[in-house]
Amino acid sequence: MYLFRLAMASLANRRFTALLTVFAIALSVCLLLAVERVRTEARASFASTISGTDLIVGARSGSINLLLYSVFRIGNATNNIRWDSFEHFAHSPRVKWAIPMSLGDSHRGYRVMGTSAAYFEHYHYGRGQALQLAQGRAFASDPFEVVLGAEVADALKYRLGEQIVLAHGVATVSLVKHDDKPFTVVGILQRTGTPVDRTLHISLGGMQALHIDWKAGMPAQGAGRISAEQTRSMDLTPQAITAFMLGLNSKIATFTVQREINEFRGEPLLAILPGVALQELWSLMGTAEKALFVVSLFVVITGLIGMLTAILTSLNERRREMAILRSVGARPWHIASLLVLEAFALAFSGVLLGTLLLYAGIAGAQGYVQANYGLYLPLALPSRYEWTLLGAILAAALLMGCVPAWRAYRQSLADGLSIRL
């Protein structure tokens, strides 16, 4: 215990250097833990985005592109799918349910998706969890009803009964808005931690109603415009959709139906297995993820080397101190233990401060990260792997502390008492 008190007193005597060393280690530990936390939560978010869907079908492009715009609402489709092609496969005897999706509009930076009532019944996420309404109901016969994701409602402070105006395109700031056809908020979904939270859901009829008076990609002007009231009495069956999801009666038929869709002669289509596409997407991101982890690991090593340098640099200044300790009865191993304790105390303080910085950062940036990147970072205790990383850092600090300890151990009493200037 007296060695520990002596080590603390010695660090207090060199408080400025010690604090800088602790802060450097803390920043490196915070970066390492932050990278690990983001990596873990991103992987969990990927895995829980969609569940129970056997096939996702879109215009022929790439499997990752199809997955991104249909599930993650990132990017755009290369082409649309004819409505009769969707009905052809939706009514197949092998298909249990089908969810059509129509994308292309937005509201204040959030994507709008046109779909059917089957979406609320059959879309699952996580471990087979179904969508639940926190407030209100799903859209019904009125085409101008919208159901909000939890994040949209929270970020924009929307409540049931409010009217909102959708915009054409997916830009954050849009110059073309559907001002003449406002939508009424009739429901708000419970939070899922998936892109569903950042989506506004309307019916396919509502999506068709928005563009019923559009010609060549532009809204009609003057007498050519059709009001919302007139739209309600019109046939709102869509001509095309962006993609659709399929649930099959038998998992055994998955590859048969996939091949049938990919070889469909009516138009070029692509059917993908969500799980396979998710793994492919994650493997592409895995390289960057590992590179970032390696960089943060080297930052931690750099912080520990800085600690080692600080202790080694101070050894020459402390040669008389070591000699005095030897002269009053301290054994060589006492001196060595003192330096190892100092290294451990610096590393432990850095690890503790780095962990506190991590949680402070998560608490401060949690809402922003979720709103802008769709990634939920919980204020949870460190995982077993994170504890292992922290233990490895402390073990590395102890090993590095052995270097100055060995030098001090070999330092003679005569050398310490006769400092050469």
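Among the residues of segment 151-163, write down those that are buried (at least 18 other Cβ atoms within 10 Å of the Cβ) and among the aliphatic types (A, V, I, L, M). If you could, list the steps in order and put the result at the bottom.
Of all residues in segment 151-163, those buried (at least 18 other Cβ atoms within 10 Å of the Cβ) come to 151-153, 155, 158.
152, 153, 155, listed by residue number.
Give the residue, chosen from 150, 77, that is more than 24 Å from residue 61 (Cβ to Cβ) and in contact with a Ser or Thr (Cβ under 8 Å, 6 or more places away or on another chain).
150
When you scan segment 368-388, how many residues do you find that are in a loop (DSSP other than H, G, I, E, B) and either modelled with pLDDT of 80 or more or among the charged types (D, E, K, R) (or both)? Can you show your working first?
Here is the first cut: in segment 368-388, the ones in a loop (DSSP other than H, G, I, E, B) are 374-383.
Applying the additional criterion that residues be either modelled with pLDDT of 80 or more or among the charged types (D, E, K, R) (or both) yields 379-383.
Count: 5.
Are any residues in segment 56-90 part of a helix (DSSP H, G or I) and without any contact (Cβ under 8 Å) to a residue 60 or more places away in the chain, and if so, which ones? First the steps, then the outcome.
Keep residues of segment 56-90 that are part of a helix (DSSP H, G or I), which gives 63-71, 83-90.
The answer is 65, 87.
Pairs only if they're at least six apart or on different chains, beta carbon under 6 angstrom, first in segment 94-117 and closer than 14 Å to residue 149 by Cα, second among the polar types (S, T, N, Q); list them, first residue then second.
Here the result reads 109/172; 111/199; 112/106; 113/199; 114/102, each pair linking segment 94-117 to a residue that is among the polar types (S, T, N, Q).
Could you go through segment 102-115 and let me know if any residue there is surrounded by 16 or more Cβ atoms within 10 Å (Cβ to Cβ) and of a type in the set (D, E, K, R).
yes
Sort out which residues of segment 65-80 are touching a Leu at 6+ places or on another chain (Cβ under 7 Å) and either β-branched (Val, Ile, Thr) or modelled with pLDDT of 90 or more (or both), and write them in order of number.
Passing the criteria: 66, 67, 69, 74.
Suppose we filter segment 246-278 for residues that are part of a loop (DSSP other than H, G, I, E, B) and of a type in the set (A, V, I, L, M, F, W, C); how many remain? Let's see the steps before the verdict.
So the first thing to find is which residues in segment 246-278 are part of a loop (DSSP other than H, G, I, E, B), and the list is 249-250, 263-268, 273.
When the remaining residues are screened for being of a type in the set (A, V, I, L, M, F, W, C), the result is 264, 273.
Final tally of qualifying residues: 2.
Would you point out which residue out of 173, 257 is at pLDDT below 85 and of a type in the set (A, V, I, L, M)?
Unique residue meeting the criteria: 173.
Could you tell me whether residue 42 is more than 19 Å from residue 261 (Cβ to Cβ), surrounded by fewer than 20 Cβ atoms within 10 Å (Cβ to Cβ) and not assigned by TED's automatic domain parsing to the domain that holds residue 155? Walk me through it before giving the result.
Working: more than 19 Å from residue 261 (Cβ to Cβ): yes; surrounded by fewer than 20 Cβ atoms within 10 Å (Cβ to Cβ): yes; not assigned by TED's automatic domain parsing to the domain that holds residue 155: yes.
Judged against the criteria, residue 42 is a match.
The values are calculated or read from the model by the stated rules, or taken from the named source; none is laboratory data. Computed from a prediction, not measured in an experiment: that's the story for all the values here. With ideal geometry, Cβ positions are generated from the backbone for all residues, glycine too; neighbour counts draw on all protein chains shown.
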